[in-house]
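Please treat every number below as a calculation from the coordinates, not as lab data. All values reported here derive from a predicted model rather than from experimental measurement. Here the Cβ positions follow ideal geometry from the backbone for every residue, glycine too, while neighbour counts run over all protein chains shown.
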Amino acid sequence: MAHSSHAAGIASENDAFDLEGDTLHEECGVFGILQHKDAAALTALGLHALQHRGQEAAGIVTYDGTRFHSERRMGLVGDHYTDPQMLEKLPGDVALGHNRYSTTGEVALRNVQPLFAELSVGGIAVAHNGNFTNALKLRREIIANGAICQSTSDSEVVLHLIAQSKKEGSAARFVEAISQMEGGYALIAMTRTKLMGARDPFGIRPLVLGELDGAPIFASETCALDIIGAKFVRDVENGEVIVCEKQSDGTVKITSSKPFEPKPERVCLFEYVYFARPDSFVAGRSVYNVRKNMGRNLAREAPVEGDVVVPVPDGGTPAAIGYAQESGIPFELGIIRNHYVGRTFIEPSQQIRAFGVKLKHSANRGQLDGKRVILVDDSVVRGTTSTKIVQLVRDAGASEVHLVVASPKITHSDYYGIDTPDPEKLLANQYTDHDEMCKFIGCDSLHFLSVDGLYDAVGGAPRDPQNPQFTDHYFTGEYPTRLVDLEAKDGSLKTTSMLREAG
């Protein structure tokens, strides 16, 4: 669905407004640049590099010295923002962009970020990656106080808190607003003269600071800097707020503060396991090298007799390389991924959908027939895809299929922006018996990387239960923050389905 508007984007009449029915939960990519003549084009390129973080929708807001411009679209960045006519609608030297991937929230144009509002301190746009775990509670409070919410995105809560603040200036209001938020987030806000970036106190979600031709840049990952030839300056630190502001002499002043109670950094391990692009650096670590280390450690922990190591593309490829190098067993591309399958192709027909995994993956029979295959995947969540992949390999003639997984068993849901279902839908909870889990998937053997093996791959010491170095709740059940919106009166956690029903 195409959409175009100046200032704040207005949702179409077809968007459902069932505010009580949505959870505020999404994993996304953010990009912002200040004082560059090609701000919109560079933002589009940055979002293209971050496409893996959100394929549902994308948006860009710019300011041209007189007015704000907003273009938000459902679909991929390349479907809309490579058009020169589109970029002409986004003039200005400051821009903020966002890729959206909602995990359980509503798929609607009104939720596409950046969100924009005119406030007493001037126009401001916000975009974030992650999830605020107290956003529903705060939204109910601001609505009770007379606020009107037009989306189900937790970014809108931030806008309202900025609007309600009595602090002087947009930067102070921004800090006061996010000081009331809990959870894991990387947040960028844009005004007429400022670009502001912040990470949550634990640094769960990543955010980096870059520079191009003197223009400061915020981005979710370093790969977004690489695509435009920008320089990586440093990671935005956990609990840090960086304000980049235009000066009257044409320069940019950059200030940093840490306004929140100090916390130890606990980067999300799933950035390394699955979410970040392999050519990115997260918290100073090469994602590609970490994933190879996962494969090496897996080969040490779970040596399997086989003829060939085959990755489940693309996520399992670096770990499979590491497994093959450590084990000495040949690495082969036994599964070929089709990169040209889009949602518009697989949605219209049930007959087409029935082809399932074969739409995206094809067996390379010449490398599988008669072989004992060691199949390497990055993670197993529900197990449904793993079942289809294993069957695909068997149908190609493999004599044995051994599934080795380069992450520990996922036993708990995530509430900081990674798409995981309710605990009862996780394979490791449905089948606590390892042999039953193996039987369900249909493989000859099943092996998972240990938690300590994952910590070692990332370069950390063995996990200290009293002081974990990373956010690892999906494997351990130990959440780094309160989960306010999920807390039941008896102290237990509501499931996301229960939360959706309660509103």
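Across the options Gly239, Ala125, Pro264, the greatest Cα extent toward the positive end of the charge dipole of the chain (unit charges at beta carbon of Lys, Arg, Asp, Glu) belongs to Ala125. Highest-first packing order for the peptide set 75-87, 210-222, 469-481 is 210-222, 469-481, 75-87, based on the mean count of other beta carbon atoms within 10 Å.
The alpha-carbon positions of the stretch 289-462 define a convex hull whose volume is 129 Å³ per residue.
Note on the chain: semi-axes of the ellipsoid equivalent to its C-alpha gyration tensor, largest first and rounded to whole Å, are 39, 24, 23.
Within the straight-line cut-off of under 16 Å between alpha carbons, the lysines reachable from Lys137 are Lys489, Lys494, sequence neighbours fewer than 8 places apart in one chain being disregarded. A simple spin-label model places the labels of Asp369 and Asp314 3.0 nm from each other, with each point 7 Å out along Cα-to-Cβ. The angle between the Cα long axis of helix 135-144 and the longest principal axis of the Cα atoms of the chain comes to about 30 degrees, rounded to the nearest 10. Of the peptides 119-131, 274-286, 240-252, the order by per-residue mean of other Cβ atoms within 10 Å, starting with the highest, comes out as 119-131, 274-286, 240-252.
Using only side-chain charges placed at the Cβ, +1 for Lys and Arg and -1 for Asp and Glu, the dipole size of the chain relative to its Cα centre rounds to 480 debye. With the highest mean first, a sort of the peptides 255-264, 414-423, 143-152 on other beta-carbon atoms found within 10 angstrom per residue produces 414-423, 143-152, 255-264. Between Arg337 and Glu88, the C-beta separation translates, for a Förster distance of 45 Å, into a calculated FRET efficiency of about 0.80. Basic side chains Lys and Arg get +1 at the Cβ, acidic Asp and Glu get -1 at the Cβ, and with that the dipole of the stretch 104-193 about its Cα centre reaches some 100 debye.
Here's the list of lysines a cross-link from Lys360 could span, going by alpha-carbon distance under 21 Å and ignoring same-chain residues fewer than 8 apart: Lys388. Entry note, the chain: relative contact order of 14 percent, from Cα contacts under 8 Å with a spacing of 6+ residues. A simple spin-label model places the labels of Phe232 and Gln180 3.6 nm from each other, with each point 7 Å out along Cα-to-Cβ. Spin-label model, Asp433/Asp452: points 7 Å from Cα along the beta carbon direction are separated by 2.8 nm. The largest-to-smallest principal axis extents of the Cα set in the stretch 388-457 are 41, 29, 23 Å.
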